[in-house]
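Undergrad: Provided herewith is a single structure, encoded as C-alpha cells, for subsequent inquiry.
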Amino acid sequence: MRRYALLTAFGAVVAAQGASFPWPNGAKAAVCLTYDDGVDIHLDHAVPDLEAANLRGTFYVPGSSNSLDARMDEWREIGRRGHEIGNHAVFHPCLRVSAKGARREWLQPERELERYTVRQMIEELRAMNTTLTALDGGRVRTYAYNCSDWMAGGESFIDPLRPLFVAARGGEDEELADPWKVDVHYVPSWMVRDVSGERMIALVRKAIDTGALAVFMFHGVGGGHSIDISREAHRELLGWLDKHREVVWTDTFRRVMEHVIAERKRSATR
C-alpha cells in the first residue's frame, strides 16, 4: 500500500513537471475498449467488429452470465485469440441506490451491495477469479466494478481488492485518465449509450491532445442490452482507431494498465 502511494505521488510530480507519458511506439494516447456483462451480443457483434479492425477488447463477464454458461467454448476461444476476459463478480451485485441517487428497481434484494460486507464482496471476487482461471488458465486479472459501485455495507472495498487485481475499472462519465496520476484500481471510463461514432472519436482526440487514456465501457452493441449503442457507431470508432495506430495505442485494459504501472515504476527509479 505504501509502495503504491509513493508511485502515485511520484507520478503526480512527473505530471506537474510536464513530462508526457511514454506510450508504446511513440503513440500520443491509449484507448481501451471494454464490454460489460458477458452477453451474447459480445460474441455475435463486438468480437467480429474488433477482429475486422485487428483490435482486441476486454470483456467483463459475471459468473452468473447465461451466455458464459451456454457458450463457454466460444468465450474460451476469444481468450485464445487475444481478448481479455475480466472479473465482473459472480452475481453482479450493485447498490440499490446509485451514487447519483437513482434507484435500481431491477436489482434483486440479495444482490444489493448495501446488504453485503466487504469480506463477502472480496470472497465473491476471489471465487470469480478461480472460475476465470478454469476458463482460460490465466492468473493475472482486472476487475470492472459492477455498476461502478465500490461500497459494500457502507464501506469501500477498493483497498481490500488491490491484491486480487493488477488494475480495476470504474466510472461512468465522459472522463479521461491521467496515466501519471490515476489510481490503477479505480480507473475512470465512459459508459456509452446511444452516442455516435463521431462523439466517441472526439473523446479519443482529446486524449491525443493531453496524452491521456480513454476507456470505453460498452454493454449492448447493436442490441442485446438495455444500455446500447448502434453497431454502426461501434464500427466507426474501431475503424478510426485502426487507421490511427501511429498516434493511438489500442489494447486490452490489462495490457495497457500493466504498461502504465511499469512506466511509473521505471520513472520512480531514475
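The values are calculated or read from the model by the stated rules, or taken from the named source; none is laboratory data. Because the structure is predicted, anything quoted here is derived from the model rather than measured. As a convention, Cβ positions derive from the backbone with ideal geometry for all residues, glycine included, and neighbour counts pool all protein chains shown.
Undergrad: Could you tell me which residue of segment 39-57 is surrounded by the most Cβ atoms within 10 Å (Cβ to Cβ), considering only residues that are assigned to a loop (DSSP other than H, G, I, E, B) and more than 17 Å from the chain's Cα centre (by Cα)? Break it down into steps so the answer makes sense when it comes.
TA: Residues of segment 39-57 that are assigned to a loop (DSSP other than H, G, I, E, B), as a first pass: 39, 53-57.
Still in the list and also more than 17 Å from the chain's Cα centre (by Cα): 53-54.
Numbers: ALA53: 18, ASN54: 12.
Restricting to residues being assigned to a loop (DSSP other than H, G, I, E, B) and more than 17 Å from the chain's Cα centre (by Cα), the top hit is ALA53.
Undergrad: Collect the residues in segment 224-270 that are among the acidic types (Asp, Glu) and either under 24 Å from ILE41 (Cα atoms) or assigned to a helix (DSSP H, G or I) (or both), keeping them in residue-number order.
TA: First pass over segment 224-270, keeping only residues among the acidic types (Asp, Glu): 228, 232, 236, 242, 246, 251, 258, 263.
The answer is ASP228, GLU232, GLU236, ASP242, ASP251, GLU258, GLU263.
Undergrad: Quick one: count up the residues across segment 85-129 that are assigned to a loop (DSSP other than H, G, I, E, B), touching a residue at least 40 places away in the same chain (Cβ under 8 Å) and farther than 26 Å from CYS32 by Cβ.
TA: Kept after step one, since they are assigned to a loop (DSSP other than H, G, I, E, B), are these residues of segment 85-129: 88-93, 95-96, 98-102, 104-108, 113-117.
Next, only the ones that are touching a residue at least 40 places away in the same chain (Cβ under 8 Å) stay: 88-90, 92-93, 95, 98-99, 104, 113-114.
Next, only the ones that are farther than 26 Å from CYS32 by Cβ stay: 114.
Of the residues in that region, 1 qualify.
Undergrad: SER230 fails exactly one of the following numbered conditions: (1) over 30 Å from ASP159 (Cβ atoms); (2) in contact with a Leu (Cβ under 8 Å, 6 or more places away or on another chain). What is the number of that condition?
TA: (2)
Undergrad: While we're looking at this one, here's another question. Give the residue, chosen from LEU107, LEU135, LEU164, that is modelled with pLDDT of 95 or more and within 16 Å of the chain's Cα centre (by Cα). Full working, then the answer.
TA: Details: LEU107 fails: within 16 Å of the chain's Cα centre (by Cα); LEU135 fails: within 16 Å of the chain's Cα centre (by Cα).
Checking each option against the conditions leaves just LEU164.
Undergrad: While we're on this one: Could you check segment 55-77 and list, in sequence order, the residues that are out of contact with any Ser or Thr (no Cβ under 7 Å at 6 or more places or on another chain), over 18 Å from PHE216 (Cβ atoms) and not acidic (Asp, Glu)?
TA: Of segment 55-77, the ones out of contact with any Ser or Thr (no Cβ under 7 Å at 6 or more places or on another chain) are 59, 61-62, 64-77.
After this cut, where a residue has to be over 18 Å from PHE216 (Cβ atoms) as well, the list is 62, 64-77.
The answer is PRO62, SER64, SER65, ASN66, SER67, LEU68, ALA70, ARG71, MET72, TRP75, ARG76.
Undergrad: Can I ask one more? What are the residues in segment 158-190 that are closer than 21 Å to SER98 by Cβ, aliphatic (A, V, I, L, M) and surrounded by fewer than 18 Cβ atoms within 10 Å (Cβ to Cβ), if any?
TA: ILE158
Undergrad: Within the group GLU246, GLU198, which residue is over 26 Å from ASP149 (Cα atoms), surrounded by fewer than 17 Cβ atoms within 10 Å (Cβ to Cβ) and touching a Gly at 6+ places or on another chain (Cβ under 8 Å)?
TA: Numbers: GLU198 fails: touching a Gly at 6+ places or on another chain (Cβ under 8 Å).
When all the criteria are applied, what remains is GLU246.
Undergrad: For a quick check of your reading of the model, give me the residue pairs whose first member lies in segment 40-56 and is closer than 13 Å to LEU237 by Cβ, whose second is in a helix (DSSP H, G or I) and hydrophobic (A, V, I, L, M, F, W, C), with beta-carbon atoms closer than 8 Å and at least 6 apart or on different chains.
TA: ASP49/LEU238; LEU50/LEU238; ALA52/LEU238; ALA53/LEU238; ALA53/LEU241; LEU55/LEU238; LEU55/LEU241
Undergrad: Further, regarding this structure: Within segment 43-64, can you find the residues that are closer than 10 Å to HIS88 by Cα and not aliphatic (A, V, I, L, M)?
TA: As a first pass, look at segment 43-64 and keep what is closer than 10 Å to HIS88 by Cα: 59-64.
If the condition is that a residue be closer than 10 Å to HIS88 by Cα and not aliphatic (A, V, I, L, M), then PHE59, TYR60, PRO62, GLY63, SER64 are the ones that fit.
Undergrad: Taking segment 133-145, which residues are out of contact with any Leu (no Cβ under 9 Å at 6 or more places or on another chain), under 17 Å from SER64 (Cβ atoms) and in contact (Cβ under 8 Å) with a residue 60 or more places away in the chain?
TA: ALA144
Undergrad: Filter segment 67-81 for residues that are part of a helix (DSSP H, G or I) and under 21 Å from ASP251 (Cβ atoms) and give the result. Even if it seems obvious, please write down each step before you answer.
TA: First, pick out the residues of segment 67-81 that are part of a helix (DSSP H, G or I): 67-70, 72-80.
Passing the criteria: TRP75, ARG76, GLU77, ILE78, GLY79, ARG80.
Undergrad: If you take the residues in segment 147-157 that are in a loop (DSSP other than H, G, I, E, B) and on the phi > 0 side of the Ramachandran plot, which one is surrounded by the fewest Cβ atoms within 10 Å (Cβ to Cβ)? Quick ask: steps written out before the conclusion?
TA: Taking segment 147-157 first, the residues in a loop (DSSP other than H, G, I, E, B) are 149-150, 153-154, 157.
Restricting the remaining residues to those that are on the phi > 0 side of the Ramachandran plot gives 153-154.
Numbers: GLY153: 15, GLY154: 10.
The selected residue is GLY154.
Undergrad: When segment 190-208 is examined, which residues are found to be in a helix (DSSP H, G or I) and without any contact (Cβ under 8 Å) to a residue 60 or more places away in the chain? Steps first, answer last, please.
TA: From segment 190-208, those in a helix (DSSP H, G or I) are 197-208; that's our starting set.
GLY197, GLU198, ARG199, MET200, ILE201, ALA202, LEU203, ARG205, LYS206, listed by residue number.
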